[in-house]
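Below is one structure; the comments refer to it alone.
The values are calculated or read from the model by the stated rules, or taken from the named source; none is laboratory data. All values reported here derive from a predicted model rather than from experimental measurement. Cβ atoms come from the backbone with ideal geometry, glycine included; neighbour counts cover every protein chain shown. What goes into the accessible areas is simple: the full protein's heavy atoms, side chains included, and nothing from ligands, DNA or RNA. Shrake-Rupley method; radii C 1.70, N 1.55, O 1.52, S 1.80 Å.
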Amino acid sequence: MTMRVLVLGAGATGGFYGGHLMMAGENVTFLVRPKRHAQLMENGLSVISPVGNITLPAQAVTRVSKPFDLILLSCKAYDLDAAIETIRPAVGPDTRILPVLNGLNHLERLDAAFGVERVMGGLCHLTITMDPDGTIRHLNAFNRLTFGARHPVQAPVADTLAQGYAKTPLTVVNSADIVHDMWEKFYFLATLAGATTLMRAPIGAILKAPDGLAFINGLLDECTRVATAAGHPPSAERDAESRYHLNKEDSALSASMMRDIEKAGPTEGEHIVGDLLRRGREFGLDLPLLTLAATHLRAYEARRGAS
Ligand SMILES: NC(=O)C1=CN([C@@H]2O[C@H](COP(=O)(O)OP(=O)(O)OC[C@H]3O[C@@H](n4cnc5c(N)ncnc54)[C@H](OP(=O)(O)O)[C@@H]3O)[C@@H](O)[C@H]2O)C=CC1
Ligand SMILES: CC(C)(CO)C(=O)C(=O)O
């Protein structure tokens, strides 16, 4: 069945995952702001990727008036409130919304706006950026989109989406426990983003400092304790994977949040690091390193706001 899919934002993730749905034959419309609309009208959608380039004309609009079957929500967390109002006319009784944002608390905000039966869970693992001219660059072949139903009525759309992506070269997982999967990325990303932004250095450079390993593992332990207190302890496999990435000597890995800071741009710090700290405090946990990481990001945002 062809779905009418609306993609909010034709940025890095929205352009990539929406573009591949177009390639799979779904009826995809991008809901964008005027500058991006002009780019898409002039150049089409352009994705450069080791798994296959896309150069296609794209349907793009700056406002919507009719419901869609599926809305792929791909804005940054700091744009969520405006995005909710922008997609509102596209949400009908049977619409499902799939957010691919990092973090968790957008689920609560989307549930409050549209009802839990409409809001699926999702996350993506890949490294992708967009050039100023709108070209989307997927920086290495790794990619994994994980999504799933948070309410039984969402299962048919999740299945249809999995069938659509099966026609593409992408890795997708239709998860039976999507909220747990989101927690498994959330606690890892909070550690990676907290550590690399605070130290303004990738993992390998932090590890070169005499107390760098103890710092990273101390922060990882705090983030793990919050996930565990929330009822989502990382599996042994995920714990080992996190430690592998966070303890790997000479690793160039840093969070995209670190790149946002290097560009003096806005960050999702409150949505990721701040939110994990807030949740941990609600459980009465003592979280000195996470507090430091969140305070750093809050001070950074305060300074940006003041300048
Ligand atoms: N990039 C990556 O490698 C990864 C990103 N993620 C997560 O995915 C999410 C999206 O990130 P990413 O794709 O990189 O972000 P981008 O900034 O590349 O794209 C977001 C897009 O959303 C658009 N947008 C925001 N608000 C609106 C609105 N109201 N109406 C129309 N368009 C809107 C922006 O448009 P405009 O240009 O007009 O501002 C922008 O093009 C984030 O939560 C991020 O953490 C997760 C894993 C990897
Ligand atoms: C963890 C990672 C690198 C993976 O996609 C990411 O989401 C980010 O840095 O924002």
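Along the chain, the longest continuous region that contains none of the trypsin sites (Lys or Arg not before Pro) in a DSSP loop with at most 10 other C-beta atoms within 10 Å is 64-262.
Surface composition of segment 85-215: carbon plus sulfur atoms contribute 57% of the solvent-accessible area (1.4 Å probe, protein chains only, all chains present).
Let me have the relative contact order for segment 53-120, percent, based on Cα pairs under 8 Å that are six or more residues apart.
34 percent
Computed 3J(HN,Hα) for segment 61-72, one whole-Hz value per residue from the Karplus formula 6.51 cos²θ - 1.76 cosθ + 1.60 where θ = phi - 60°, is 9, 9, 8, 10, 9, 10, x, 10, 6, 9, 10, 8, glycine and proline marked x.
Scanning residues 5 or more positions from PHE30 or on other chains, those with amide H under 5 Å from its amide H are VAL7, GLN59, ALA60, VAL61, with H placed 1.01 Å from N in the peptide plane.
Solvent-accessible surface of the chain, averaged per residue with a 1.4 angstrom probe and all protein chains in place: 44 square angstrom. Taking N as the residue count of segment 75-227, its C-alpha radius of gyration divided by 2.2 N^0.38 Å amounts to 1.19.
Separation of the alpha carbons by more than 27 angstrom is noted, of LYS185/LYS208; LYS35/LYS66; LYS167/LYS263; LYS76/LYS208, for LYS167/LYS263; LYS76/LYS208.
Across the chain, the fraction of Cα-Cα pairs farther apart than 31 Å, rounded to a whole number, is 29%.
For the chain, a Gaussian network of Cα nodes joined below 10 Å ranks LEU139, LEU289, LEU80 by mean-square fluctuation, and the top entry is LEU139. Semi-axes of the equivalent ellipsoid for segment 4-176, computed as √(5λ) from the eigenvalues of its C-alpha gyration tensor and ordered from largest down, come to 23, 19, 15 Å. Secondary-structure-derived ellipticity at 222 nm for the chain, considering helices only, amounts to -14500 deg cm²/dmol, per-run term -39500 (n - 2.57) for DSSP H runs with n ≥ 4. Amide H contacts under 5 Å for ILE71: LEU6, ARG96, ILE97, LEU98, restricted to partners 5 or more places along the chain or on a different chain, H placed in the peptide plane at 1.01 Å from N.
Got the relative contact order for segment 4-176 handy, in percent, Cα pairs under 8 Å and 6 or more residues apart?
Numbers: 362 pairs, mean separation 39.5, N = 173.
In percent, rounded to a whole number, it is 23.
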